[in-house]
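The values are calculated or read from the model by the stated rules, or taken from the named source; none is laboratory data. In this text, all values refer to a predicted model and were calculated from it rather than measured experimentally. Here the Cβ is made from the backbone with ideal geometry for all residues, glycine too, and neighbour counts use every protein chain on show.
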Amino acid sequence: MKPLSQLLFLGAVAFSFSAAAQTFTSGSTGSAGPLIVTVNTNIVLPPNGILNYTTVNIAPNRTVTFMRNEANTPVYILATGNVTIAGPIILGRSNGNNVKGGEGGPGGFDGGSPGSVSIPSGAGYGPGSGRGGLNNNTADGAGGGAFATAGGGGSTRKGASYGNALLIPMIGGSGGGGTDGTPGRGGAGGGGAILIASTTRIDLTADISAEGGGSVSSAQNGGSGGAVRLVAPVVAGGGRIFVRGSGGGGLGRIRIDATDRSQMNIVFYNPEVTSVGSLLLVFPNPLPRLDIIEAAGKVIPEGSGSQTLQLPFGSSPNRTVRIQARDFNAQVPITLVLTPDHGTPITYTSTIRNTAGNNPATVDVNIVMPINEQTTFHVYSK
């Protein structure tokens, strides 16, 4: 499953939060009670990815991982009380193989499909996806995924950077492209995305890892690092946060928001993609969003997540995609990307007039869709 991008990227966000520090709450309902981790634990994410705890206590040397949900949302850990992280949190991702691309971590994007004797390799998924290519590090080699930084290596097929330093909204890393071959190798998945918010404080003395998967061939087609954001009045401790890419994958993003950081000695292994501030805000209200609500004749409920479609032989390739914008209160420039399992992504651009008197608003985009090829639809706005 590959994430359908119901995403927006904010180039700049301005909020007035002078009173927020005094009235801040994480938004947790506390409905899940306390999270007490004394053994290695794999948490099954709810459909919206939001985990509502009272307190969180992860014991030393006890690892927490997550099982992706249907929509592959980011992980949101919200707590009404203290959050203590003394054991590692890992947002799993995987390398590609000769059958398929690697999975992204929760909220991250998958790697591209491997090629075969007569079928070209596929691009990775996500807004910074690497394109497929040769199994080497030349200009035509398969490219690595990007996020805060572009992929590395000598390939001209690496992804381009995206997103914003505030990590509003949350989004994960992009996948690398697959390689050609007999068979080739799939690209690696991008790192996942996690937001941890506490109404009182967060103490981090262990590792949080949202790293991208690595290249398993001569190409530099690794996934990019993902995203980690901590939000609380007090953030303390000397833990470590990792959002590295690997094998040509770019770096992810880190954001810390707290009004009291006097006890914080966190080690940021990638300080160049780390920002620190005091924006005590978890979910902007309302949160603008984009959704694909109809594609090639298939009606898609808002918030449905990933949609991969395939037109059989004999079908007309001329189709329409309907895109909906909600709560932007602006002219919204959009980019629609069709990513087939094999071959090169196809890009379309349009604009939605989503003003206060026209909310939600839609636009129909005419496309030419590949025949007999699974194709994933993503839409983005900058």
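General observations
- Of the residues GLU302, GLU294, the single one that is over 21 Å from the mean Cα position of the chain (by Cα) and of a type in the set (Asp, Glu) is GLU294.
- The one condition from (1) under 20 Å from ILE367 (Cβ atoms); (2) assigned by TED's automatic domain parsing to the domain that holds GLY191 that GLY297 does not meet is (2).
- Filter result (over 18 Å from LEU78 (Cα atoms) and outside any strand (DSSP E or B)) within segment 187-209: GLY187, ALA188, GLY189, GLY190, GLY191, THR205, ALA206
- Top-ranked residue of segment 181-216 - restricted to ones that are under 19 Å from PHE109 (Cβ atoms) and of a type in the set (Ser, Thr, Tyr), ranked as modelled with the highest pLDDT: SER209
- Checking each residue in segment 132-156 for being more than 17 Å from the chain's Cα centre (by Cα), of a type outside the set (A, V, I, L, M) and closer than 20 Å to GLY191 by Cβ picks out GLY143, GLY152, GLY153, SER155.
- Restricted to strands (runs of 3 or more DSSP E) entirely inside segment 336-382, those with at least 3 residues that are under 21 Å from the mean Cα position of the chain (by Cα) and in contact (Cβ under 8 Å) with a residue 24 or more places away in the chain are 375-381.
- Going through (1) over 23 Å from GLY126 (Cα atoms); (2) aliphatic (A, V, I, L, M); (3) surrounded by fewer than 19 Cβ atoms within 10 Å (Cβ to Cβ) one by one, ILE85 falls short only on (3).
- The residue list LEU287, LEU338, LEU280 contains one member that is under 30 Å from THR200 (Cα atoms) and surrounded by 14 or more Cβ atoms within 10 Å (Cβ to Cβ), which is LEU280.
- Filtering segment 112-132 for residues that are touching a residue at least 60 places away in the same chain (Cβ under 8 Å), of a type in the set (Val, Ile, Thr) and in contact with a Leu (Cβ under 9 Å, 6 or more places away or on another chain) leaves an empty set.
- Residues in segment 254-313 that are in a loop (DSSP other than H, G, I, E, B), in contact with a Gly (Cβ under 8 Å, 6 or more places away or on another chain) and modelled with pLDDT under 95: ASN270, PHE283.
- Some residue of segment 125-134 being assigned to a loop (DSSP other than H, G, I, E, B) and either over 26 Å from ASN372 (Cα atoms) or in the same structural domain as ASP341 (by TED's automatic domain parsing) (or both): no
- In segment 128-154, the residues that are surrounded by fewer than 24 Cβ atoms within 10 Å (Cβ to Cβ) and either of a type in the set (Lys, Arg) or closer than 24 Å to VAL379 by Cβ (or both): THR149, ALA150
- Of all the listed residues (ILE171, ILE77, ILE119), the sole one being within 16 Å of VAL228 (Cβ to Cβ) and part of a loop (DSSP other than H, G, I, E, B) is ILE171.
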